[in-house]
Amino acid sequence: MATTHLTTQILRQAPPVCGSFRRVTTTGLSSSSPLTITFKTRKEPSPKNQKFKWARKLSLVEESSPPKPTVDVEGLATFLYDDLPHLFDDQGIDRTAYDEQVKFRDPITKHDTISGYLFNISLLKVLFRPLFQLHWVKQTGPYEITTRWTMVMKFMPLPWKPELVFTGTSVMGINPNNGKFCSHVDFWDSIENNEYFSLEGLWDVFRQLRVYKTPDLETPRYQILKRTANYEVRKYEPFIVVETIGEKLSGSNGFNAVAGYIFGKNSTTEKIPMTTPVFTHALDPELSDVSIQIVLPSEKDISSLPDPSQETVKLRKVEGGVAAALKFSGKPTEDVVREKEKALRSNLMKDGLNPRIGCMLARYNDPGRTWSFTMIVQSTSHSSVAAPNH
């Protein structure tokens, strides 16, 4: 399995002072294997060419005479690794690590005290039931630490409980006089204007509140590493599929054969629970060499599964890895599917990524039906994601 490394470039200011607000730009992944999604490093434009400010300072000390570095920033980074996973659980974060006048900003929220900061956390726990995933923590300045995270939330007041996903970075400023955090600024991957108050950020919240349901069945497990305005980068766990030859990405040829396997057409006539989605997987640039697949339950082991009754039906373990996904709904004609694949590939390359040949179409309803589909087009990569080099 090839290993890829997430790297960051940071626009730095000098001298370092408490409370500096700076945007951290993720330029992507680099890889040693041609079989992975390669996130190429791009030259970042200078701040003067940006449509928004890259930095704002909330200074608590004079810039002309910064104090000598006496704060154990490396120790604070280790502390955040332990403390931030408790952001939304019953234990909570350690408030003694923050200044009373800590300044918090994200695109739609602003607080200037530790009380307001903690109130915001409590409100999110009640309304959204957040799941916070910390990817990495690193020192990015003499008095600054940057973290990368994913937050998945369900908006509980609405009957359909929509799921909202945010990924991004947090820049934590440190007060050099007492070693406490004095600022916390969030930057979302899904928007360009991260300044408070961002109408783009507000719209990003509202557009995730729409009804977007999939069947309540088991599906391959994955972690969202990055969500942009146009696609998600996911890390999939391994899963097992039963597959046979298909006709085209949008087609259903072969579905009855693989569905027959889980309905008992196997060596032991075992009936296997339904899962979702149904994959059609193209392996060639023309998207014509297609297989159709059904995912098998995660508790199954390929060595203990019964053999298919039909010679054209096979069992296979998919090793998982990194994939870019684009969600859409509607009638999945071949023209529509190919258009979405081109759009996904174009957006990846525009962001400096180099996707593998081929793609997967994931359908969450019976592929013989042609209305109200929810699907994902994926450019797949069998690789893992590591933290950035320190």
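The values are calculated or read from the model by the stated rules, or taken from the named source; none is laboratory data. Since the structure is predicted, the reported quantities are computational estimates derived from the model, not experimental observations. For neighbour counting, all protein chains shown are included, and Cβ atoms are generated from backbone atoms with ideal geometry for every residue, glycine included. All accessible areas refer to the heavy atoms of the entire protein, side chains included, with ligands and DNA or RNA removed. Shrake-Rupley method; radii C 1.70, N 1.55, O 1.52, S 1.80 Å.
For residue 184, nonlocal amide neighbours, meaning residues 5 or more places apart or on other chains whose placed amide H falls under 5 Å from its own, are 103, 104, 105, 173. Judged by the mean number of other Cβ atoms found within 10 Å, the most tightly packed of the peptides 273-284, 72-83 leads the ranking 273-284, 72-83.
Of the listed residues 331, 248, the order by accessible area with a 1.4 Å probe, largest first, is 331, 248. Couplings for the range 340-349, taken from phi via the Karplus curve 6.51 cos²θ - 1.76 cosθ + 1.60 with θ = phi - 60°, read 5, 4, 5, 5, 4, 4, 5, 5, 5, 5 Hz in order; Gly and Pro are left as x.
The string of couplings for the range 280-294 from the Karplus curve (6.51, -1.76, 1.60, θ = phi - 60°) is 10, 10, 9, 10, 10, x, 7, 6, 10, 8, 10, 10, 10, 9, 10 Hz, one whole number per residue in order, with x for Gly and Pro. Shown in residue order for the range 227-235 are the 3J(HN,Hα) couplings computed by the Karplus curve 6.51 cos²θ - 1.76 cosθ + 1.60 at θ = phi - 60°: 10, 9, 5, 10, 6, 10, 9, 10, 10 Hz (x for Gly and Pro). Between residue 248 and 253, the built amide H atoms are under 5 Å apart, and every one of these is 5 or more places off in sequence or on another chain. A DSSP coil position with no more than 14 other Cβ atoms inside 10 Å describes the following trypsin sites (Lys or Arg not before Pro) in the range 164-247: 210, 213, 221. Here the accessible area of the range 73-209 is 56 percent carbon and sulfur, with a 1.4 angstrom probe and all protein chains present. Between the range 170-198 and the range 263-302, the C-alpha centres lie 45 angstrom from each other. Taking all protein chains as they are arranged and a probe of 1.4 Å, the heavy atoms of residue 299 leave approximately 130 Å² accessible to solvent.
The mean sequence distance of close C-alpha pairs (under 8 Å, at least 6 residues apart), as a share of the length of the range 264-375, puts its relative contact order at 35 percent. Over the Cα atoms of the range 73-209, the radius of gyration divided by the Kirkwood radius equals 0.95; this is the Rg/Rh ratio. Amide H contacts of residue 298 (H built 1.01 Å from N, in plane; Pro and chain starts excluded): no residue 5 or more places away or on another chain comes under 5 Å. Cross-link check: pairs 154/300; 180/327; 110/340; 138/213; 110/161 evaluated at a Cα-Cα cut-off of 32 Å; pairs beyond the cut-off: 180/327; 110/340; 138/213.
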